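Below is one structure, written out as structure tokens, with a few remarks after it.
The values are calculated or read from the model by the stated rules, or taken from the named source; none is laboratory data. Here the structure is a predicted model, which is why all the values come from computation and not from measurement. Cβ placement follows ideal geometry from the backbone for every residue including glycine, while neighbour counts extend to all protein chains displayed. Only protein heavy atoms, including side chains, enter the accessible area calculation; ligands, DNA and RNA are left aside. Shrake-Rupley method; radii C 1.70, N 1.55, O 1.52, S 1.80 Å.
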Amino acid sequence: MKFYITTPIYYVNDVPHIGHFYTTIAADIMARWKRLNGFDVYFLTGTDEHGSKIAEAAKVKGKKPQEFCDEMSVKFRQTWKLLNISNDDFIRTTEQRHFVAVENIVRILFDKGLIFKKKYEGMYCIGCEKFLAKKDLDEGGYCPFHKIKPILQSEENYFFRLSSFQGALLERITDVSHEEHIDIQPEERRNEIVGKLKLGLEDISFSRSTVEWGISLPFDKSQTVYVWTDALINYITAVGYSKDETKFKNYWPVDVHLMAKDILWFHSVIWPAVLMGAQLPLPKTIYSHGFFTLNGSKMSKSLGNVIYPQELVGNYGVDAARYLIVALIPFGLDGNISWQGLTLKYNTDLANNLGNLISRTLKMAEKNFNLKIPQAFLNLELAKNVEKKLKETFISNMNNLQLHKAAEDLQDAITLVNIQIETDVPWKLAKTNKNKLAACIYSYLQAIDVVAIHLLSFMPNIAEKIWQITGASGNINDVARKYFINGVIPKDGFSVSGRDLQGPKILFPRIL
Ligand code: MSP
């Protein structure tokens, strides 16, 4: 089975911040999870490089647009590498493969009479890269999102007959039994889209005559393709549209388009209409997560309250940064983050719960068994309890993108082991019953291994480290894949007696 998941392609006018990181990490966790479950995964991210916003940003830096994009796009790649993002592809809209796909689609729509020429006058917001209606502006006439005044533009453009898709879209979005059903999540966002759709659709501008930095229309070289149309098409370019039919058939339609609510309309209305126009299959799920604010206000460079992923990594390390950002905010809802909140979560979940579990187990093994896994009777009861706890909710939470809940499930599983340790009081057993102590430690290690396997998608490096620390056999990824496919703990467990327990005793130093 295949699983194709995408993030938005990000504008290169700025470097990646934690908003971009949030979507990308969520997609990465899903991609890793599906791979562990035996899916043939295609995980796509990339950069959106055309349009007036980028052309202006390049001008401000005194660079040619292409040169500027080349430099900025690398910054996204580097950041995703730092964060251990496992994307299978990274697309840039300035690549040749994308030009070909855009030209083909636009030509098909034109030949079908879905694109026509019209004179148009409207207020264009360069931040949104779209025309805004009067009702979209705030009292001062500003774009409420970018706090800039849209510019009055009058152009003769090519328009796309979006209005003719209203009924077909409504049907596919609301009727779950429709064979081309588009599942928009979460439900509240779907309702908003449906509500807006019911009010009717207007045809939209599909090209620009005043923007040079873009892909020329194949049938009128004096115009370039509207940057949003250009951008959305990336999702089919990457899986081989008009280049590699086998690949395209294998991966398209996409299983999940992930993004925040700011661009849900483009993905759930305009994009499916374009696909329908070109008679291509429609996305299965479109998932919009919330928007987050920092210390209660919108993140913005001018307010000086932007957090960059590199800062998170500097404070907490790569894996903790990956975990914290998804564990903190209910996926799908808006949320507020602060450095204080992040550090508190780090200390509670990682230093005090997970970190403490590992370090206390290691300390006991060091003091009593010279840091070797004791030869003992294998009791998998605790490991099975941990497994049972995780099976109850973790799997469905992961499959439904409830990542913050899945993180909670992990914490509950870790707590279960910590509670067992408190109940056993192993430090007393050290004096009275060393055999029992050996069996206890051995069983804690097996339980920790089960936790590590489930942590893998969130914290791949830490999970691997834990695997080494507990002396578990085999490569954790291979073992985890087998485990998720078979659904049972092997009868000999994971950690092997007699092995050395190795690795750092403190995985997550407490932050004061
Ligand atoms: N280039 C378009 C997308 C084209 S996709 C065919 C674009 N780019 S963007 O750089 O502005 O990225 C927007 C996306 O970044 C959001 O939809 C979301 O995925 C992520 N986020 C940016 N800021 C965010 C927050 N403050 N909170 C959550 N996600 C945020 O739009």
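List of remarks:
- Three-way shape call for the range 205-300 based on the alpha-carbon gyration tensor, with the a/c threshold at 1.5: oblate
- Sequence ranges 346-359, 410-423, ranked by mean other-Cβ count within 10 angstrom, highest first: 346-359, 410-423
- Positive-end extreme of charge dipole, the range 465-512 - chosen from Ser495, Gln468, Leu507 (charges on Cβ): Leu507
- Carbon-plus-sulfur accessible fraction, the range 293-433 (probe radius 1.4 Å, protein heavy atoms only): 52%.
- Taking amide H atoms as placed 1.01 Å from N in the peptide plane, the amide H of Val41 lies under 5 Å from those of Phe3, each 5 or more residues away in sequence or on another chain.
- Computed over the range 338-486: relative contact order in percent, which uses C-alpha pairs under 8 Å that are six or more apart: 27
- Taken one residue at a time, the phi angles of the range 161-171 give Karplus couplings (6.51, -1.76, 1.60, θ = phi - 60°) of 6, 4, 4, 6, 9, 3, x, 4, 5, 4, 4 Hz. Gly and Pro are set to x.
- Our coupling estimate for the range 274-280, obtained by passing each phi through the Karplus curve with A = 6.51, B = -1.76, C = 1.60 and θ = phi - 60°, is 4, 5, 5, x, 8, 6, 10 Hz, Gly and Pro reported as x.
- In the context of the full set of protein chains, the chain has a per residue accessible area of 43 Å² (1.4 Å probe).
- Straight-line cross-link reach from Lys118 at under 21 Å between alpha-carbon atoms covers these lysines, not counting any fewer than eight positions away in the same chain: Lys130, Lys134, Lys221.
- Judged by the ratio a/c of the largest to the smallest principal axis of the C-alpha gyration tensor, the range 318-417 counts as oblate, that ratio being 1.5 or greater while a/b is no larger than b/c.
- Disulfide-incompatible cysteines by the Cβ rule (no partner under 4.7 Å) in the chain: Cys69, Cys440
- Within the range 478-502, backbone nitrogen closer than 11 Å to the virtual label 7 Å beyond the Cα of Lys284 toward Cβ: none
- Net charge in the neighbourhood of Ser52 (other residues with Cβ under 13 Å of its Cβ; Lys, Arg +1, Asp, Glu -1) is -3.
- Lys81-Arg360 FRET efficiency (beta carbon distance; Förster radius 41 Å; 0.05 resolution): 0.75
- Amide H contacts of Asp48: Tyr10, Tyr11, Val12, each under 5 Å away and 5 or more positions distant or on a separate chain (H built 1.01 Å from N in the peptide plane; Pro and chain starts excluded).
- Gap separating the Cα centres of the range 107-127 and the range 171-214, nearest whole Å: 17
- Inter-centroid distance (Cα atoms) of the range 381-451 relative to the range 249-280, Å: 41
- Only Lys, Arg (+1) and Asp, Glu (-1) charged, at Cβ; the chain dipole about Cα centre in debye: 1260
- Normalised by residue count, the range 338-486 yields a Cα convex hull volume of 115 Å³ per residue.
- Other residues lying with their Cβ under 14 Å from the Cβ of Gly113 contribute a combined charge of +3, Lys and Arg counting +1, Asp and Glu -1.
- Cα centroid of the range 29-64 to Cα centroid of the range 281-346, whole Å: 18
- Close amide-amide hydrogen proximity is noted between Phe145 and no other residue 5 or more places distant or on a separate chain, at a cut-off under 5 Å (H modeled in the peptide plane; Pro and chain starts excluded).
- Rounded to the nearest whole Hz, the Karplus-based 3J(HN,Hα) values (6.51 cos²θ - 1.76 cosθ + 1.60, θ = phi - 60°) of the range 322-333 follow the sequence 4, 5, 4, 5, 8, 6, 6, 10, x, 5, x, 9, with x at glycine and proline.
- Per-selection Rg to Rh, the chain - Cα, Kirkwood hydrodynamic radius: 1.04
- Only helices enter the 222 nm calculation for the chain: every DSSP H run of n ≥ 4 contributes -39,500 (n - 2.57), and dividing by all residues gives -14500 deg cm²/dmol, rounded to 500.
- Beta bridge orientation in the chain: antiparallel %, DSSP, nearest 5: 45
- Among the listed pairs Lys2/Lys249; Lys75/Lys147; Lys2/Lys389; Lys53/Lys149; Lys147/Lys301, a Cα-Cα separation exceeding 18 Å is found for Lys75/Lys147; Lys2/Lys389.
- Cα shape, the range 69-113, gyration tensor, a/c 1.5 rule: prolate
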